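Okay, so here's the structure we're looking at.
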Amino acid sequence: MLLMFILIGVAFLAVIGTMTGLGVWTYRDARARGLEAGMWTAIVVLVPNLIGFLLYLLIARKQHKAMCPTCGQKTEASKPFCSNCGADMRDYQNSAHLPLTTGKKTGKAPLVVALACVGITVATMIGAGVAVGMEQPEMFTSKNVSLFQTQTMRPGVWKLSFRYFDGEKARAITIKDGKPQTFRMEASITKGTAELGITVDGEEVKRVSLNELTDEFIWDLSQYPDKSRVVIKLYGEKSSGKINMNWKN
């Protein structure tokens, strides 16, 4: 599980690197084309899933602004007349006397960095998925339908809140050096039915109805030897509620 969190951290840093690289490249490229560099940079950085970057490539990069020699405002370089004052631009087009907003080259280094970070992000997320699959195969074999669910998963903690849960979910705990010693759970089921099942080395040792649970449920894990695999399973049937579990000691 620790490896998964390390990989997720690397992926997070790679995402930041991606957005930084794309932002720098977009700003330079937009300035070179006489576009609103700040606006397009914000769109590329803030619009998720690279949609902002695609918008810039498909829409903004087809434009090229020039400075109108008559009114001094930006206008489309390919248009015969200034969009601001209506001045005839044809005498200036394709002429060295037409002052473009900037002649600086964009440079591809920020874009290369961004693309490299995208590759790192994809690779680390795949690695995180493989790590979870190897350590917690029960999470992938459990079938369920969950709607409007929030879930917190970190070492020794599992919290769920859901409006609709039907099926089963599972997480595994491996006893190492006599730890963890205790499993604790609090649940509030407001609709449907839900149960907790505890399986040790493939054999179910406890089944608890969460609908009837009013106090904190505590299960002693110190009774199991090292390397025992304790699987916590949640079973729901059109249920709604909250479940908090921890085994951090």
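The values are calculated or read from the model by the stated rules, or taken from the named source; none is laboratory data. Keep in mind that what you see is a predicted model, and the values were worked out from it rather than measured. Here Cβ is always computed from backbone atoms with ideal geometry, including for glycine, and neighbour counts include all displayed protein chains.
Do we find a residue being over 28 Å from I8 (Cα atoms), free of Cβ contacts under 8 Å to residues at least 40 places away in the same chain and crowded, with 16+ Cβ neighbours inside 10 Å anywhere in region 219-228? Within region 219-228 (the criterion being over 28 Å from I8 (Cα atoms), free of Cβ contacts under 8 Å to residues at least 40 places away in the same chain and crowded, with 16+ Cβ neighbours inside 10 Å), the answer is yes, since at least one residue qualifies. Quick one: would you say G17 is modelled with pLDDT under 85 and either under 17 Å from A114 (Cβ atoms) or not in a helix (DSSP H, G or I) (or both)? It is false that G17 is modelled with pLDDT under 85 and either under 17 Å from A114 (Cβ atoms) or not in a helix (DSSP H, G or I) (or both).
Comparison of R33, R61, R28 shows that the only residue that is closer than 30 Å to V122 by Cα and either at pLDDT below 85 or not assigned by TED's automatic domain parsing to the domain that holds T124 (or both) is R61. Whenever a residue of region 102-119 is surrounded by fewer than 17 Cβ atoms within 10 Å (Cβ to Cβ), its partners that are modelled with pLDDT under 85 and part of a helix (DSSP H, G or I), lying with C-beta atoms within less than 8 angstrom and at least six residues away or across chains, give the pairs T102/R31; T102/A32; G103/A32; K104/R31; K104/A32; K105/A32.
Conditions tested, residue by residue: (1) modelled with pLDDT of 90 or more; (2) out of contact with any strand residue (DSSP E or B) (no Cβ under 6 Å at 6 or more places or on another chain).
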site: G129; (1), (2): no, yes
site: S146; (1), (2): no, no
site: M153; (1), (2): no, yes
site: R184; (1), (2): yes, no
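Can you name the residue in region 158-201 that is part of a loop (DSSP other than H, G, I, E, B) and free of Cβ contacts under 8 Å to residues at least 60 places away in the same chain and is also surrounded by the most Cβ atoms within 10 Å (Cβ to Cβ) among such residues? The extreme case among them is I175. Of all the numbered requirements in (1) assigned to a strand (DSSP E or B); (2) buried (at least 16 other Cβ atoms within 10 Å of the Cβ); (3) among the hydrophobic types (A, V, I, L, M, F, W, C), V145 misses one, and that requirement is (2).
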